[in-house]
1. Here's a check for you: in segment 251-272, which residue that is at pLDDT 75 or above and surrounded by 18 or more Cβ atoms within 10 Å (Cβ to Cβ) is farthest from Lys163 (Cα to Cα)?
2. One residue is enough: does segment 155-170 have a residue meeting the conditions under 16 Å from Ala94 (Cβ atoms) and not charged (D, E, K, R)?
3. In segment 187-204, is there at least one residue being modelled with pLDDT of 90 or more and either open to solvent by 50 Å² or more (accessible area, probe 1.4 Å) or not in a helix (DSSP H, G or I) (or both)?
4. Of all helices (runs of 4 or more DSSP H) completely enclosed by segment 60-179, which ones contain at least 2 residues that are aromatic (Phe, Trp, Tyr) and at pLDDT 85 or above?
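The values are calculated or read from the model by the stated rules, or taken from the named source; none is laboratory data. Note that the structure is predicted; figures quoted are calculated from it, not measured. Note: ideal-geometry Cβ built from the backbone for every residue, glycine included; neighbour counts use all protein chains shown. For accessibility, only protein heavy atoms count, side chains too; no ligands or nucleic acids. Shrake-Rupley method; radii C 1.70, N 1.55, O 1.52, S 1.80 Å.
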Amino acid sequence: MMDSSRSQAVPFGGTEVNWDKLDKTKFYVVGAGLFTGVTVALYPISVVKTRLQVATKDAVEKNAFSVIKGLLKMEGVTGLYRGFGTVITGAIPARIIFLSSLEATKVVTFRGVKSFNLSEPTQAAIANGVAGMLASICAQAVFVPIDVISQKLMVQGYSGHTKYNGGLDVVQKIMKSDGLRGLYRGFGLSVVTYAPSSAVWWATYGSSQRLIWRLLGYGGEHEKSNPSPWNIVLVQAAGGIAAGATASCVTTPLDTIKTRLQAAMQNKHLLITD
């Protein structure tokens with residue numbers, strides 16, 4: 001997806017695409033489509049990671065390769081997509097909430113930081129960081145229940161975890177044992193985990209691209225002509241890699257704690273009630 005941080009200031013060409021002038025139908029359709037595609041490609045990694053995070057010392061599967069081998073042997077490729085339907089069903093509206101909050105907040109923040117006469121990369125870092133953090137907080141209201149349900153499906157029958165008959169069965173058992181609070185188990189930790197991570201990701205993504213464009217000769221006094229589409233894609237990819245690497249340093253430890261809390265505590269409650 002095009003760098004949404006450029007909705008207020010494009011580092012080349014002098015063209016501005018404001019949020020209020022954006023074709024939101026195309027924005028959401030393309031955004032949802034890309035998100036679904038990325039989710040399909042990366043979902044098996046989430047399944048494997050989650051199973052490793054909740055594995056006990058006695059678990060037979062000690063590494064990612066053994067987890068993949070075990071799933072393929074027992075369930076085939078479908079085993080790598082446990083809970084996928086639940087994630088897609090809930091994540092698309094959550095993504096719309098996230099993108100709306102992100103862009104709207106970014107516009108306001110960009111206007112606010114302009115008066116401080118900061119460099120463009122710094123402005124981008126602040127505006128993207130604040131927008132990413134607030135958007136993440138708003139989206140957690142939908143993401144957390146989906147996360148809880150999908151994680152139960154990912155680890156069911158693994159290391160002593162309860163087995164389920166689909167997402168609705170997970171919801172029914174959680175509501176029976178813990179009520180609505182059970183669907184929001186780990187909400188506070190999710191906010192603490194993903195809000196700073198989102199802030200770091202978007203801040204790094206926006207500022208790193210502007211730095212790269214400057215190194216390539218765009219945005220200065222002797223600005224080049226508009227870059228080719230391939231240059232844009234490569235710069236955005238570089239910004240995404242830098243953002244992902246930086247944000248993972250913040251997310252991974254807290255994400256492990258959150259996953260173990262959500263999976264282990266619910267399993268404990270179900271064992272007690274059974």
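1. Thr251
2. Applying the first criterion (under 16 Å from Ala94 (Cβ atoms)) to segment 155-170 yields 167.
Of the ones still in play, those that are also not charged (D, E, K, R) are 167.
Within segment 155-170 (the criterion being under 16 Å from Ala94 (Cβ atoms) and not charged (D, E, K, R)), the answer is yes, since at least one residue qualifies.
3. Yes - at least one qualifying residue is present in segment 187-204.
4. Details: elements: 64-75, 84-114, 120-155, 167-178.
So the answer is 84-114.
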